[in-house]
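One structure below.
The values are calculated or read from the model by the stated rules, or taken from the named source; none is laboratory data. The model shown is predicted, which means the values in this text are computed figures rather than measured ones. Methodologically, a virtual Cβ is constructed for each residue, glycine included, from the backbone with ideal geometry; neighbour enumeration extends over all protein chains shown. Accessible surface areas use protein heavy atoms only, side chains included; no ligands, DNA or RNA. Shrake-Rupley method; radii C 1.70, N 1.55, O 1.52, S 1.80 Å.
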Amino acid sequence: SFSFEISDYLLYSNTSLNLIAVKVVNDFPSSRWYSGSGIYRDVKLTIADPVHVSLYGPQVTTPDVENGGGTAKAIVSVHNHTAITKKITVETTVLDSEHNPVSDTVSSPLLTIQAETEYMVTLEPEVDSPELWTLDNPTLYKLKTVIKDEDGELIDEYHTTFGYRYISWDADKGFSLNGEFIKIKGVSMHHDQGALGAVQEYEAIYRQVSALKEMGCNAIRT
């Protein structure tokens, strides 16, 4: 993924319109096979408050899952894209697949972020007895990150998908997932969908991966 910050190029007026165009420049030579020309991935316009969770969201790790712990260690980067100092608080909560909270909400103290800077804060909500991500039961959680101004008003919210699992490598026994040794049976996938072309269709990829899983595949190189 890649992105561009376009705020400085926009017109802020009740009487003006902004036209945002994406142009594909298909230079040759490009690759050893024809990979398709045009836009074949999603293009999104992200609109946020000038004080917001930085692009791509928090980094989430589960440092004590091997010992049965449910800590979701979240390193949150907050961007203050204004010309003045801002005071904010950051809150994190873990949600299950039904979007129900399964941890307490952990909040930072009131933070001071200088103009046009990024500030990093670490928060660690905990889940009691989290369900592990496995090959046959790929349970996922979401980290809900909220930024509030000094008056307690919500100014940004970001959801990060993650799972609880741990892996290890042994020179004699190989790879293990959650303490269980597993043979890696992988394939290499190119991005195209055959006769459907180069565009990425969710349903087509789901069908492809489901067929591979039924064949016994448990790893993919893209």
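I'd like the residue in region 22-81 that is of a type in the set (S, T, N, Q) and touching a strand residue (DSSP E or B) at 6+ places or on another chain (Cβ under 7 Å) and, out of all such residues, is surrounded by the fewest Cβ atoms within 10 Å (Cβ to Cβ). Among those that are of a type in the set (S, T, N, Q) and touching a strand residue (DSSP E or B) at 6+ places or on another chain (Cβ under 7 Å), it is Thr61.
Comparison of Thr139, Thr145, Thr105 shows that the only residue that is within 19 Å of Leu55 (Cβ to Cβ), in contact with an Asp or Glu (Cβ under 8 Å, 6 or more places away or on another chain) and β-branched (Val, Ile, Thr) is Thr145. The set of residues in region 193-205 that are within 23 Å of the chain's Cα centre (by Cα), under 17 Å from Ile220 (Cα atoms) and not in a helix (DSSP H, G or I) contains only Gln200. You will find that of Lys183, Lys144, the residue that is open to solvent by 100 Å² or more (accessible area, probe 1.4 Å) and of a type in the set (Lys, Arg) is Lys183 and no other. Within region 186-199, one or more residues are in contact with a Ser or Thr (Cβ under 6 Å, 6 or more places away or on another chain) and either surrounded by 10 or more Cβ atoms within 10 Å (Cβ to Cβ) or polar (S, T, N, Q) (or both).
Only one of the numbered conditions (1) under 16 Å from the mean Cα position of the chain (by Cα); (2) more than 16 Å from Lys148 (Cα to Cα) is not met by Ile39, and that is (1).
Every listed requirement among (1) at pLDDT 95 or above; (2) surrounded by fewer than 19 Cβ atoms within 10 Å (Cβ to Cβ) is met by Val127 save one, (2).
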